[in-house]
Amino acid sequence: MKKKIAFFTLFLIAILVLSGCGPKTEQNITNNGQAYLTVTDDEGRKVVLLHKPERIVALAGSDLNLLAAVDVKLVGRVSTKVGSIPDKYKDLPEVGVTTGLNIEKVVALKPDCVLAVAGQHDKYIQLLESNNIPVLMLSIKSFADVKSKLHLMSQIAGTETKGNEVIAKLDNEVQDVLRKLPKENKTVVILHATAKNVTVELDNSIAGGIAKMLGFENVAKRGTAELKGNKVPYSLEELVRRNPNIIFLTSMGSGSNIEKRMKEDVTSNPAWSSLDAVKNNRFYVLPEKYFLLNPGLNYPAAIKYMAQKIYPEAFVNEK
Amino acid sequence: MKSNSTDTVGTAERYGISRNIWRMVVLVFFAVLAILGVFLSLTKGSMNISISDIINILQSPINSASSQIIWNIRMPRTIVGALVGVNLALSGAILQAVMRNPLADPHIIGISSGAGLAGVVIMILFPAMEYLITPIAFLGAMGAAICIYILAWKNGIKPVRVILAGVAVASFLGSGISGLMIFYSDRVHGALMWMVGGLAARSWPQVTIIWPYALVGLILALLGARYLNILQLGDEMARGLGVNVEFVRIALTAVAALLAASAVSVVGLLGFVGLIVPHAARLLIGSDYRFLLPASALLGVGVVTLSDTFARVVFSPIELPVGIIMAFIGAPFFLFLLRREL
């Protein structure tokens, strides 16, 4: 029994000692002189960039177009098959895919600033910081995120004039779309990606955020207000009761027949077709390129896409 | 396990209740549970609809929201849930006897991993073909089951080899599932929902897919009850009683595979029904398959419909996939069984 207690005590001590050596998230950069830039990133970490970064590595595919738009120079980038890679980054060294990084390659590039994905690359923070590589955890979802990240990126690269130009242009394009819309109060629900289960997207999803900008009311807001996530499995019965005017269905994958297929999938299922919006054919499939991943610089196009589906008459004079 | 089950029935006998009366009592109890589950599933939801309203709606369908909800959402969903409960419970009960292993369930013969990988491949790589997910998941499930059976074959089938081959194949297919989920992290939501299993948006088309399997499977299982009893005695004894062990084993495994594959291809990978329901039934009614099979089927109906009602009501209007509720109840029960076994 004594042995057991002794063993147990040792075991406890071992745990305590070992956990004491665990990750230290506090950033210990002694900063006597002027720092180039101090940033609070999207995980609330305060990151100090002592000098203007010259060797930046981007770990999110969707960041690349934003970075290119504000003329940021990179030394390495993530490998990605989604979307287009800006010409000037095509030949850069690749460091693996976002979900499967080769972190040794990242370090080998000797970056002085790494742009990582919040919530996905946290496990690398400690390793990079212990190599004195500042890491910014970024999360880009909404149009406001796109604008604030463009600003941040241009600050880092010292191209703020360019940054402000790009942001102003995006804003103008969005306002152009919003100005054309009638002032109406339409209710919508946005289904996530599949007719096989009932998952609704909330206001902080991409499609949800755009619908909100267009002045649509998301019926799924009811009972989900406290949720932090951007989508949630929802009661189909509740949707029948709330009876939204319009149903959007975000899609995955591309191809010409996906919209037709998804529509058939929904209309052939009696559970779905008990919704008035489905019966009245007020039911639209949203393409993956705008509504699954953050559309970045294409936000105005995404906003216009949704607006045009509901108010085609407002856009008749355009191509 | 056997000692446990005879204990319960034996205890009843000690109190002067005959074996058959006790079994009838248990069957009636499970039937009441099943009816209660169906009743609650029909009346509860984001809108509570009383039973008299339901009867009115059934007699004269009108085009109101509550009528739509009952006809096109709740009723088919309840039926699918009940049939899935029957299929998975029967499948598990059969496999536990055929494999002579208390931990056997549809997972062990590759049904879940086969249907899982097939479903995830469709959802992630070919989302445009999602309308084909049910038949393809069915093929995946049966394919994995056949594959495991062939791999385990060596001058006949030993249950332990089936189980080991099943574990190996399941982890092989599982690596494919994980790989896809990691490389397409933006598309995993549908795949995740598929992996936990749920009844949302299941309606009449799914009912028509699943009921023939449930009916035929139930009849075949009941016909096989006698053989299931004999198989439990061990292969030697069974052969001595003139049973063609290899044939019976392969035939009953096929029935179990069809039952489970039809259920899983419609609702996704519902965990634990196939494992816990037969055990729970066995604890109360004993190991005689003539009674255990109907008891498992009834308890399966009760467990799935009650869990689904709970999943719909507890965070309404947010709806949990029923698989989560089921595994939440299933895992502790499984541990309880393990404790009893030790």
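We did not get these values from a lab; they are worked out from the coordinates using the rules stated. This is a predicted model, so every value here is computed, not measured. Please note: Cβ atoms are built from the backbone with ideal geometry, for glycine as well, and neighbour counts cover all protein chains shown.
Things to note:
- When the Cα positions of B:Val28, B:Gly242, B:Ala65 are compared along the charge dipole of chain B, B:Gly242 comes out farthest toward the positive end, with charges on each C-beta of Lys, Arg, Asp and Glu.
- Net charge dipole, the protein assembly as shown: roughly 1120 debye, given to the nearest 20, about the Cα centre with Cβ charges of +1 for Lys and Arg and -1 for Asp and Glu.
- Model label zone, A:Thr161; criterion: amide N under 18 Å from point 7 Å along Cα-to-beta-carbon; scope the stretch A:66-82: A:69-73
- Fewest-first ordering of A:Thr38, A:Thr194 by other beta carbons within 10 Å of each residue's beta carbon gives A:Thr38, A:Thr194.
- With K and R counted +1 and D and E -1, the other residues having a Cβ less than 12 Å from that of A:Lys169 yield a net charge of -2.
- Options B:Phe291, B:Thr305, B:Val322, ranked by Cα towards positive dipole end of the stretch B:283-342, top entry (Cβ charges): B:Phe291
- Whole-angstrom gap from the stretch B:152-167 to the stretch B:226-241, using each part's C-alpha centre: 18 Å
- Residue exposure sequence - B:Met195, A:Met306 - by fewest surrounding Cβ within 10 Å: B:Met195, A:Met306
- Using the Cβ-Cβ distance between B:Phe39 and A:Ala314 with R0 = 51 Å, the FRET efficiency computed as 1/(1 + (r/R0)^6) comes to roughly 0.50.
- Proportion of all alpha-carbon pairs of chain B beyond 38 Å (%): 16 percent
- Helical contribution to [θ] at 222 nm, DSSP H n ≥ 4, -39,500 (n - 2.57), averaged over chain B, rounded to 500: -25000 deg cm²/dmol
- Magnitude of the charge dipole, the stretch A:147-209, Cβ model with Lys/Arg +1 and Asp/Glu -1, debye to 20: 120 debye
- In this label model, B:Val160 and B:Asn56 are separated by 6.5 nm, measuring between points 7 Å along each Cα→Cβ vector.
- Label zone (B:Glu236, point 7 Å along Cα-to-C-beta; backbone nitrogen cut-off 18 Å) within the stretch B:132-169: B:157-160.
- Two-site FRET efficiency, B:Thr208 against A:Lys123, from Cβ-Cβ distance with R₀ of 56 Å, rounded to 0.05: 0.75
- Label-point gap, in nm, between B:Asn20 and B:Ala65 - each point 7 angstrom along Cα→Cβ: 5.4 nm
- For chain A, the calculated P(r) over all alpha carbon pairs, in 20 Å bins from 0 to the bin holding the longest distance, is 27, 47, 22, 3, 0 percent.
- Count Lys and Arg as plus one, Asp and Glu as minus one, and take only other residues whose Cβ is under 11 Å from that of A:Ala301; the net charge is then +1.
- Charge dipole (debye, nearest 20) of chain B; +1 at Cβ of Lys and Arg, -1 at Cβ of Asp and Glu: 540 debye
- Among B:Met181, A:Met137, a tally of other beta-carbon atoms within 10 Å of each Cβ gives an order, fewest to most, of B:Met181, A:Met137.
- Simple spin-label estimate for B:Arg290 and A:Lys4 in nanometres, 7 Å along Cα-Cβ: 5.0 nm
- In chain A, helices alone account for a calculated mean residue ellipticity at 222 nm of -11500 deg cm²/dmol, with every DSSP H run of four or more residues adding -39,500 (n - 2.57).
- For the stretch B:140-156, backbone phi angles converted through the Karplus equation (6.51, -1.76, 1.60; θ = phi - 60°) give residue-by-residue couplings of x, 5, 5, x, 5, 5, 5, 4, 5, 5, 5, 4, 7, 6, 7, 6, x Hz, Gly and Pro being listed as x.
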